[in-house]
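Chemist: Can you read through this structure? Questions will come right after.
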Amino acid sequence: MLHASLTIDPSFTVSPVRRRTFGTFVEHLGRCVYTGIHDPGHPTADEDGFRKDVIELVGELGISTVRYPGGNFVSGYRWEDGTGPVEQRPSRLDLAWHSTEPNTVGVDEFMRWCAKAGVEPMMAVNLGTRGVQEALDLLEYCNIEQGTHFSDLRRTNGTKDPHGIRMWCLGNEMDGPWQIGHKTAQEYGRVAAETARAMRMVDPDLELVACGSSSSAMPTFGEWEATVLTETYEFVDYISAHAYYFEEDGDLASFLGSAINMDAFIEDVVATADAVRAVKRSDKRISISFDEWNVWYQNATPSVPPRDSWPVAPVLLEDHYNVADAVVVGNLLISLLRHSDRVRSASLAQLVNVIAPIMTEPGGRIWKQTTYHPFALTSRHAVGQVLRVELSTPSHETKTYGQTPLVDAVATHDPESGAVALFAVNRSLSDPVVVEVDVRALRSPAVVEALTLANPDPYARATVDDDGTLVPQPNDTATCQDGVVRVELPPVSWSMVRLSTRP
Ligand code: AHR
């Protein structure tokens, strides 16, 4: 039997758990908005056409922030199109996803949905085809109370109180040649700095996110962050990071190591941001907004409709996740939590139907993908402080990462209630690993609950007909004795062990 060991000590703190780690993303893409969150003909639709069954699962998932309206979509978006009487709104070509955007849902509807779902919005402005002025207009529309053109327009459109949106993304993936209005780092850095500077003239307390790289594999990665932050450092709070992972060529072992790439990505961006800080002799530290992350099989599902059509809400990016995908999602969350000192916001991309934990049938059923569960449980039980765990683990060789640790883990501790949660994965394809956790630093520790998501077939998937079988199951191996918690992690698994302790 393989063994790993780690220590849970409340004094090994990394930082507080950031609620914004548990954000997601709603883009006007495929069926995320239309027939996803919005489906007026659905039996559970409310007076605004929003599916209440989706809102219920958003609550159960424990989502904090929702990034909107894109994504690649935002780089060609005219926000005004989505305001005013719905029947007068124009339909437009959405070049990013080769679709027709009917503009039935716009900023006011989205903000009503956020209020109903109890989530914080994270609004993106278009710095692809547009610039400083249009960003200011949207900010005025959203956040100014009254007495100006756009604030009064919002009131005329039926929303009396300002939306009060605090977090704003300055464009999306502007380093990507696929992006409408793609820019060099210098070009983007200048427009982002000027947009941020002007937006701060309206409200100095906004939290602003500059675009970082759309992947650490971009040829411009590193240079991009350095140049953009050199231009924007004084005016922004975050630099974004995006990463999508998938199993390539049947290499499950490398895929299960994806969090190693995420760890390195985060640490490289932190190093780059701090290098700019040193040059500028600044006291301020830039945080990371990891505002797109997930498993995404980019070549397996259609990402654009047939070239001769411009459909409304086509089926795009509807990945169907298996158990291994859920283990990777759980592991990516472990990586994000471990870096909570600098990753202060993150968004699982996306929320509904499009590379999503929640799936809907138009007018019909709703169901949970395998990836839903590690997200929901981590969001619910990661409370208080994030703790380093000083892990010692066996490893195995993988093609992408060389010697790859079999176990990865992070813990949280809530000093108020004494609640402790350990989140762990076993990346072995064949062997269980017994993890021994030194809990001598905790007062009166006892196991409250241990849950594991695993399956003899790691490629097994939940379906619309059965999303209740491939769910985390009680792990009866978990014990606590003489200051040691022992738990056996099956191969290709994600687990959560909760302990009670005396605060
Ligand atoms: O999330 C899907 C797409 O991935 C987003 O629109 C874009 O920002 C990224 O490339």
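Chemist: May I ask for the angle, rounded to the nearest 10°, between helix 323-338 and the longest principal axis of the chain, with both axes built from Cα atoms and the value confined to 0 to 90°?
Modeler: Tilt of helix 323-338: around 80 degrees.
Chemist: In addition: Could you work out the local net charge near Asp325, counting Lys and Arg as +1, Asp and Glu as -1, over the other residues with Cβ closer than 10 Å to its Cβ?
Modeler: Numbers: positive: Arg461; negative: Glu247, Asp319.
So the environment of Asp325 carries a net charge of -1.
Chemist: Mind checking the per residue accessible area of segment 18-381 for me, 1.4 Å probe, whole number of Å²?
Modeler: Details: 12320 Å² over 364 residues.
Heavy-atom SASA per residue in segment 18-381 reads 34 Å².
Chemist: What is the diffusion coefficient of the chain in µm²/s, taking the Kirkwood radius over Cα pairs and the Stokes-Einstein relation at 10 °C with a viscosity of 1.306 mPa s?
Modeler: Reported coefficient: 68 µm²/s.
Chemist: Hey, another quick one. Checking the cross-link filter: which lysines have an alpha carbon closer than 26 Å to that of Lys368, excluding same-chain neighbours under 8 positions apart?
Modeler: Those lysines meeting the cut-off are Lys52, Lys116.
Chemist: Next up: Let's see if you can work this out: charge +1 on each Lys and Arg Cβ, -1 on each Asp and Glu Cβ, no other charges. What is the dipole magnitude of segment 1-109 about its Cα centre, in debye to the nearest 20? Walk me through the numbers before you get to the answer.
Modeler: Values: 10 positive and 16 negative charges, 100 e Å.
For this selection, approximately 480 debye.
Chemist: Net charge around Thr301, counting only other residues with Cβ within less than 9 Å of its Cβ (Lys, Arg = +1; Asp, Glu = -1)?
Modeler: Working: positive: none; negative: Glu318, Asp319.
So the environment of Thr301 carries a net charge of -2.
Chemist: Can I ask one more? Please state the charge dipole magnitude for segment 18-381, taken about the Cα centre, from unit charges on C-beta atoms (+1 on K and R, -1 on D and E), reported in debye and rounded to the nearest 20. Don't skip to the answer; put the middle values down first.
Modeler: Working: 33 positive and 51 negative charges, 138 e Å.
The dipole magnitude comes to about 660 debye.
Chemist: Using the charge dipole of segment 18-381 (Lys, Arg: +1 at Cβ; Asp, Glu: -1 at Cβ; taken about the Cα centre), state which of Thr44, Val86, Tyr141 has its Cα farthest towards the positive end.
Modeler: So the residue furthest toward the plus end is Tyr141.
Chemist: Which is farthest toward the positive dipole end of segment 18-381 among Thr227, Met167, Trp310, measuring Cα position about the Cα centre, with Cβ charges +1 (Lys, Arg) and -1 (Asp, Glu)?
Modeler: Sorting the options by dipole projection puts first Met167.
Chemist: Expressed as an acute angle from 0 to 90° and rounded to the nearest 10, what is the orientation of the C-alpha long axis of helix 132-143 relative to the principal long axis of the chain?
Modeler: The angle comes out at about 80 degrees.
Chemist: Treating cross-link reach as a plain straight distance, find the lysines whose alpha-carbon is under 28 Å from the alpha-carbon of Lys280, omitting any fewer than eight places away in the same chain.
Modeler: Lys183
Chemist: Helix 52-61 against the longest principal axis of the chain: what's the angle in degrees, Cα atoms only, rounded to the nearest 10?
Modeler: Helix 52-61 sits roughly 40 degrees off the main axis of the chain.
Chemist: Per DSSP H run of at least 4 residues, take -39500 (n - 2.57); add these up for the chain, divide by its residues and hand me the 222 nm value, nearest 500 deg cm²/dmol.
Modeler: On the way: 10 runs with 123 residues, N = 503.
The helix-only estimate for the chain comes to -7500 deg cm²/dmol at 222 nm.
Chemist: Around Glu390, with a cut-off of 14 angstrom between Cβ atoms, what is the net charge of the other residues, counting Lys and Arg +1 and Asp and Glu -1? All intermediate terms of the calculation are to be shown ahead of the outcome.
Modeler: On the way: positive: Arg338, Arg388, Arg440; negative: Asp9, Asp408, Glu436, Asp438.
That works out to -1.
Chemist: Using only the alpha carbons of segment 71-112, what is the convex hull's orientation-averaged projected area in square nanometres? Could the numbers behind the result be given before it?
Modeler: Working: hull surface 11.4 nm².
Mean projected area of the Cα convex hull: 2.9 nm².
Chemist: Taking R0 as 60 Å, what's the FRET efficiency between Asp465 and Arg281 from their Cβ-Cβ distance, rounded to 0.05?
Modeler: Numbers: r = 61 Å, r/R0 = 1.02.
Calculated transfer efficiency: 0.50.
Chemist: From the residues Thr21, Pro362, Pro405, which one has its Cα farthest along the dipole of the chain in the positive direction, the dipole being from +1 and -1 charges on Cβ of Lys/Arg and Asp/Glu about the Cα centre?
Modeler: Positive-end residue among those listed: Thr21.
Chemist: Using 0.36 nm times the number of residues separating His149 and Asp482, minus their current alpha carbon distance, what extension gain do you get?
Modeler: On the way: separation 333, 0.36 × 333 = 119.88 nm, distance 6.85 nm.
Length gained, His149 through Asp482: 113.0 nm.
Chemist: Chymotrypsin sites (Phe, Trp or Tyr not before Pro), restricted to segment 177-277: which are DSSP loop and have at most 10 other Cβ atoms within 10 Å?
Modeler: Numbers: sites: Trp178, Tyr188, Phe221, Trp224, Tyr233, Phe235, Tyr238, Tyr244, Tyr245, Phe246, Phe255, Phe265; in loops: Trp178, Phe221, Tyr233, Phe235, Phe246.
Of the chymotrypsin sites (Phe, Trp or Tyr not before Pro), the ones in loops of segment 177-277 whose Cβ has at most 10 other Cβ atoms within 10 Å are Trp178.
Chemist: With the Cα gyration tensor of segment 51-183 in hand, convert its eigenvalues to equivalent ellipsoid semi-axes via √(5λ) and list them largest first in whole Å.
Modeler: Sorted largest first and rounded, they come to 22, 20, 15 Å.
The values are calculated or read from the model by the stated rules, or taken from the named source; none is laboratory data. Just so it is clear, the model here is predicted, and its values are computed rather than measured. Every residue, glycine as well, gets a Cβ built from its backbone with ideal geometry; the counts of neighbours run over all protein chains shown. The accessibility values were calculated without ligands, DNA or RNA, using every heavy atom of the protein model including side chains. Shrake-Rupley method; radii C 1.70, N 1.55, O 1.52, S 1.80 Å.
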